[in-house]
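> The following block contains the structure, expressed as structure tokens.
The values are calculated or read from the model by the stated rules, or taken from the named source; none is laboratory data. On a predicted model such as this, the values are computed, not experimentally measured, just so you know. So basically every Cβ, Gly included, is an ideal-geometry build from the backbone, and we count neighbours across all protein chains shown.
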Ligand code: SF4
Ligand code: FES
């Protein structure tokens, strides 16, 4: 099995593992951020460039460095490879550039955006963004679109990561959702605004790294950090029925799928669980959901409160 060193930490991984996956096995600060890669969606990654790293030694056989920074979500590790992520000023500089580029057409409307507190671009901008913009041209803007009764598309916030398109391709039987046009004109479309009626369409909300796709049954109801995320399950004939219910007192404000430490869902949930089961009696509540990644949601100490109540 190939061995790879990332920022000085060595790990042995199966053949075919990417640098990003290897870094995730090591964990901690050396894991590159990823805005378009999503481990449970085939073909994702390679679009946003936030995961760029420097390969300082290509392999044991060929120890020369790779001439350009590489997308760690795409580059497979070779035995003896050495990679620099946060230890490289060149990588951090490039990441600052990528964040600036992503923000060129992204509105800074975090104060009114439902994704605030769980937006990957907000976190990225906080860590790598500049305090001001150099962009002087008019930003592209779009009308908001209702994609069926449950999902709102706010294309102005979209960073074209294609994750929702992969969900549409891989989880729903009839794809009515994709990217049309190219370059600055590219936009997520529902092919003549046809509603996504499929049972698993709500998962586009969870995979969207920004606030471009939001839950119409939850929009503007509460900031996420005022709610307590709880693991819960129910008997469901369409999905595993394992979810996170976001509660205020005994009321359920929204339901989402469970996410791992990198904000990725491994068991997608159906629309019935997500949108129709908002009564606490519908669910068996297991206990507080742990949010691994750094998030403002943990600031309300809901996990400690649950321990005191018990
Ligand atoms: S709508 Fe969200 S998930 Fe879809 S491409 Fe845009 S940013 Fe990505
Ligand atoms: S996460 Fe690798 S290019 Fe987007």
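> Name the one entry in 136, 143 that is free of Cβ contacts under 8 Å to residues at least 40 places away in the same chain, away from ligand 1 (no atom under 15 Å from the Cβ) and not in a helix (DSSP H, G or I). Reasoning before the result, please.
On the way: 143 fails: away from ligand 1 (no atom under 15 Å from the Cβ).
Result of the check over 136, 143: 136.
> Do we find that residue 243 is within 18 Å of residue 38 (Cβ to Cβ), touching a residue at least 24 places away in the same chain (Cβ under 8 Å) and surrounded by 21 or more Cβ atoms within 10 Å (Cβ to Cβ) in this structure?
Values: within 18 Å of residue 38 (Cβ to Cβ): no; touching a residue at least 24 places away in the same chain (Cβ under 8 Å): yes; surrounded by 21 or more Cβ atoms within 10 Å (Cβ to Cβ): yes.
Against the criterion (within 18 Å of residue 38 (Cβ to Cβ), touching a residue at least 24 places away in the same chain (Cβ under 8 Å) and surrounded by 21 or more Cβ atoms within 10 Å (Cβ to Cβ)), residue 243 does not qualify.
> Oh, and also: Give the number of residues within the range 29-74 that are within 16 Å of ligand 1 (Cβ to nearest atom) and either surrounded by fewer than 16 Cβ atoms within 10 Å (Cβ to Cβ) or in the same structural domain as residue 183 (by TED's automatic domain parsing) (or both).
The qualifying residues number 3.
> Please go through the range 158-189 and give me each residue that is assigned to a loop (DSSP other than H, G, I, E, B), buried (at least 20 other Cβ atoms within 10 Å of the Cβ) and at negative phi, ordered by number.
Selection gives 158, 159, 161, 177.
> Within the range 1-80, which strands (runs of 3 or more DSSP E) (wholly inside it) include 2 or more residues that are closer than 24 Å to residue 96 by Cβ? Steps first, answer last, please.
Values: elements: 3-6, 9-12, 52-57.
Counting at least 2 such residues, we get 52-57.
> Taking residue 94 as meeting all but one of (1) touching a residue at least 24 places away in the same chain (Cβ under 8 Å); (2) more than 16 Å from ligand 2 (Cβ to nearest atom); (3) assigned by TED's automatic domain parsing to the domain that holds residue 66; (4) not in a loop (DSSP other than H, G, I, E, B), write down the number of the exception.
(2)
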